[in-house]
Amino acid sequence: MKKYVGYLFLFISLMLLNIRVSAATISCPAALKKDLSQLASHVKLNYEIKDESEEQEITIDGNTTTYKIPKYYFEITIYNIKEGLVLNVSNTGSNNRGFTVRSSDAPNGTYTFKDYDIGNIYNYKVIVNSDNPDCRSQKLKTLKFTKPRYNAYSEFTYCQNSSNYYCQRFIGTEINIKDTDDFLNKIKVNNDKNDPDRDKIDEKKELSKLLKNNWKFYLILFTVIAALVTGLIFFLKKRQQKKGWKL
């Protein structure tokens with residue numbers, strides 16, 4: 001019997017809480033909501049990729065070479081968190097641990113946290129809600145961004161000083177590369193697609209193809225034009241002899 005009474009008490013408590021939240025949402029004064037929305041409109045977020053990579057030396061058969069140990073992390077900052085706002089931060093990563101940020105957590109309205117997962121691409125979502133007791137749980141704004149991942153192929157010698165997509169150090173969309181040969185082939189194809197002289201090269205190929213496929217026609221046309229020019233010169237010389245003027 002006590003068990004059922006406990007369940008009944010929990011059910012009633014949840015119902016009262018839901019009614020209280022709903023009432024706050026419905027009764028939120030328009031002027032207050034406008035002010036809170038104005039505060040929320042200034043909330044921004046940004047991220048920086050911090051590089052703490054180290055270089056190590058290794059000696060093989062008397063030859064010393066330097067190699068890089070990549071060590072990066074993402075520093076994510078949310079700005080303009082004012083009193084009366086509460087932020088729910090989450091991501092779609094496998095180790096997602098959603099958390100809440102209030103103005104008391106943000107000195108000078110700024111809150112910064114770090115993400116050390118450089119091997120996966122996933123999305124961040126920041127929902128800005130009202131924290132005012134008269135407008136509790138009012139959703140005011142949603143911020144989103146995609147966290148890129150580290151691309152190990154960017155460290156290849158072939159990628160030095162290259163703007164090729166497959167050579168970017170951090171990428172926001174997955175790339176399917178089977179092995180080194182596949183990587184080199186993708187670089188070549190991507191370079192060909194983005195070659196600024198590609199149109200000129202294509203025009204030359206088309207012209208060469210046109211001449212190759214229609215060489216008989218162009219040979220006849222050239223012969224006819226040559227014959228006409230020769231005939232015109234012969235005619236002008238004859239006329240010159242008759243009238244005595246020079247060509």
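Any read-out appearing in this document is the output of simple, stated calculations on the displayed coordinates, not a laboratory observation. Here the structure is a predicted model, which is why all the values come from computation and not from measurement. FYI the Cβ positions are ideal-geometry reconstructions off the backbone, even for glycines, and counts take in every protein chain you see.
How much length is gained on full extension from Asn213 to Gln160, taking 0.36 nm per residue of separation minus their Cα-Cα distance?
On the way: separation 53, 0.36 × 53 = 19.08 nm, distance 4.20 nm.
Going from the current span to full extension adds 14.9 nm.
Give the calculated FRET efficiency between Arg169 and Ala31 to the nearest 0.05, with a Förster radius of 35 Å applied to their Cβ-Cβ distance.
Computed FRET efficiency for Arg169 and Ala31: 0.10.
Is there a quick way to get the dipole size of the stretch 96-190? I mean about its Cα centre, with the Cβ of Lys and Arg at +1 and of Asp and Glu at -1; what is the value in debye to the nearest 20?
320 debye
Kindly state, to the nearest 0.05, the FRET efficiency for Ile69 paired with Asn185, given R0 = 35 Å and r defined as their beta-carbon distance.
0.80
What nm distance separates the two modelled labels at Lys82 and Thr230, each placed 7 Å from Cα along Cα→Cβ?
Distance between label points: 9.1 nm.
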